[in-house]
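Chemist: Can you read through this structure? Questions will come right after.
Here, each number is a calculation from the coordinates, and none is a lab measurement. No experiment lies behind these values; they were computed from the predicted model shown. Every residue, glycine as well, gets a Cβ built from its backbone with ideal geometry; the counts of neighbours run over all protein chains shown.
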């Protein structure tokens, strides 16, 4: 895949809108509830780095395309087809989104416009601030399928405490 091909893939799944000093980074997979695919994870991480380096950007808002979901977490259809040998790379790519949010010097606000589940909820948790539509639903439903939410549990404890 060439750099141009990668850029095209990123543009297909990540949209950026600028207004004044604010950049709105939109996860653009509304038919899949903005689930995190490898392409989306790479696109979000790369775009966050680009926006963080842009002196005209003073803050970043993360949101989902459409009105049903902020981000439904990992794309389970993509994950289901994953080979065991590729899991570590896949997991690292998804986790790089959290890392880039945490490393971004500019304030990152998660605007929850619907479902924020699993990895999507974790994206919200690592953002500097969260705002939610009154119909937003948040959680870690993967635990019901015996998929551990190691990072989500940790980040929830930071926000909610242990009691």
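Chemist: Restricting to the chain, compute how many DSSP beta bridges are antiparallel as a %, nearest 5.
Modeler: For the chain, the DSSP antiparallel bridge percentage is about 25.
Chemist: Taking the radius of gyration and the Kirkwood hydrodynamic radius from Cα positions alone, what is the Rg/Rh ratio for region 104-150, to two decimal places?
Modeler: 1.03
Chemist: In terms of the Cα gyration tensor, with a ≥ b ≥ c the square roots of its eigenvalues, is region 73-155 rounded because a/c is under 1.5, prolate because a/b exceeds b/c, or oblate?
Modeler: Oblate, because a/c is 1.5 or more while a/b does not exceed b/c.
Chemist: Right, something else. Along its three principal axes, how long is region 37-98 when you only count alpha carbons? Whole Å, largest extent first please.
Modeler: Computed over the Cα atoms, the extents are 42, 28, 14 Å.
Chemist: How many nm separate the modelled label positions at residue 99 and residue 132, each set 7 Å beyond the Cα in the direction of the Cβ?
Modeler: Rounded to a tenth, the inter-label distance reads 2.9 nm.
Chemist: Compute the distance in nm between two label points, each set 7 Å from the Cα along the Cα-to-Cβ direction, one at residue 151 and one at residue 56.
Modeler: 3.1 nm
Chemist: Hey, another quick one. Give me the one-decimal Kirkwood hydrodynamic radius in Å for the chain, with the sum taken over alpha-carbon pairs.
Modeler: Computed over Cα pairs of the chain, the Kirkwood hydrodynamic radius comes out at 15.9 Å.
Chemist: Let me ask something additional. For 56, 104, what ranking results if the residue with the fewest other Cβ atoms within 10 Å of its Cβ goes first?
Modeler: Final ranking by Cβ density, sparse to dense: 56, 104.
Chemist: Quick one: which of 29-38, 120-129 comes out on top by average Cβ neighbours within 10 Å, and what's the full order, highest first?
Modeler: So the peptides 29-38, 120-129, ranked by packing, come out 120-129, 29-38.
Chemist: List 75, 105 from most exposed to least, where exposure is judged by having the fewest other Cβ atoms within 10 Å.
Modeler: Least crowded to most crowded, the residues run 105, 75.
Chemist: Rounded to the nearest 500 deg cm²/dmol, what is the calculated helix-only ellipticity per residue at 222 nm for the chain, with -39500 (n - 2.57) per DSSP H run of length n ≥ 4?
Modeler: Computed ellipticity for the chain at 222 nm equals -12500 deg cm²/dmol.
Chemist: Let me ask something else about it. Can you sort 95, 71, 53 from fewest to most other Cβ atoms within 10 Å of each residue's own Cβ?
Modeler: Final ranking by Cβ density, sparse to dense: 53, 95, 71.
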